[in-house]
Amino acid sequence: MTAPQPADSSMPEPAPRRTRDGAVLIGPTILARYRPGALIGLPLISVLLSPFAAAGLQQWRAGRVRAGHDTLLEQLLAPAAVQLLLGAVLLWALFALWAIVPLLLTHRVIRLDETAASLELRKGLRTTDRAALADVDHAVGEPERGSMALIGLRGRGDDGSGTLRQWIVPEVGWDAASFDGLRVLQAAAGLRPAPPRRELVRENRRRRVAASNRELAERLGMPWRSEYEHDELAFRAEFDRVRRVLGGKERPRPGDPGRQ
């Protein structure tokens, strides 16, 4: 097995999620993926659909009252505001229960036991594959949400050679802790650890912005300078000036589009 790569002293130490027994989790937990939708997305949907649930509660209460029931429950449900609020809560509870089912069935994560130097691939609530840390050939992943990690594992043949199989971990860039699990695996397997997720996301954004600015510059015939790759404010200032020149609102300078 290759010796673990020393961590760059300028990089912060990875802070991955761990199980109760100390195993490192590579990828997000079910709770990490479930929480944003359950606490933000589903409540908004429930509020929008609450009038339909409130209408159902109103019909249910009316039926109870016609049947001669006049308990505290019927009295509490009399105001329309209470019906709307309770309808939204009931819808949220229903949607929250429904949303967690596909996560439980399809969730995929890797557990790294650093003490035993072993890996487990978990799908849903069961373990579907195991491997030794020494079998890791490569471990790569993107830091953005929606990306995945690819873990290449060497097979074990009688002659020492083997085929390569691959594990896939969805949403490894879900958050910093999920990506830090991959960084820990890379270091433990003797590979060069990736930079922290925050730095990679910032660099990816810079590249996207630079590519967009370069396209805008090409449309205007504006010369591209190397400083624009890292200084968006400098590009915007020059871009606005060139636009004013092309619009006849400012005198051109040597090198401007349309001027020799």
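The values are calculated or read from the model by the stated rules, or taken from the named source; none is laboratory data. What you see is a predicted model; the values in this text were computed from it and never measured. Glycine gets a Cβ as well: all are built from the backbone with ideal geometry, and neighbour counts include every protein chain shown. These area figures cover heavy atoms from the full protein model, side chains too; ligands, DNA and RNA do not enter into them. Shrake-Rupley method; radii C 1.70, N 1.55, O 1.52, S 1.80 Å.
A compact table of results
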| quantity | calculated |
| --- | --- |
| CD proxy at 222 nm, helix term only [per DSSP H run n ≥ 4: -39500 (n - 2.57); per residue of the chain; nearest 500] | -15000 deg cm²/dmol |
| Accessible surface of residue 90 - all protein chains present, 1.4 Å probe, nearest 10 Å² | 90 |
| For the stretch 6-63 versus the stretch 183-260, the gap between their alpha-carbon centres in whole angstrom | 36 |
| Share of pairwise Cα separations in the chain, more than 31 Å, in percent | 55 |
| Contour excess over end-to-end distance, with Cα ends at residue 165 and residue 212 and 0.36 nm allotted per residue | 13.1 nm |
| Amide H contacts of residue 27 (H built 1.01 Å from N, under 5 Å, at least 5 apart or other chain) | 181, 182 |
| Fully extended contour minus Cα-Cα distance, from residue 130 to residue 117, at 0.36 nm per residue | 3.6 nm |
| Cβ-based charge dipole, the stretch 158-237, positive-most Cα from 188, 176, 204 | 204 |
| Computed E for residue 106/residue 226 - FRET, C-beta separation, R0 35 angstrom, nearest 0.05 | 0.15 |
| Environment charge of residue 42, counting only residues whose C-beta is closer than 14 Å and scoring Lys/Arg +1, Asp/Glu -1 | +2 |
| Residue-by-residue Karplus 3J(HN,Hα) for the stretch 190-197, coefficients 6.51, -1.76, 1.60, Hz, glycine and proline x | x, 9, 6, x, 6, x, x, 4 |
| Label-point gap, in nm, between residue 249 and residue 138 - each point 7 angstrom along Cα→Cβ | 5.0 |
| Only Lys, Arg (+1) and Asp, Glu (-1) charged, at Cβ; the stretch 143-260 dipole about Cα centre in debye | 460 |
| Relative contact order of the chain, defined on C-alpha pairs under 8 angstrom at six or more residues apart (%) | 21 |
| From phi via Karplus (6.51, -1.76, 1.60), per-residue ³J(HN,Hα) for the stretch 24-38 in Hz, x at Gly/Pro | 7, 9, 9, x, x, 7, 4, 5, 5, 7, 7, 4, x, x, 5 |
| Solvent-accessible area per residue for the chain (1.4 angstrom probe, square angstrom) | 62 |
| By average C-beta atoms within 10 angstrom, highest first, the peptides 114-125, 185-196 | 185-196, 114-125 |
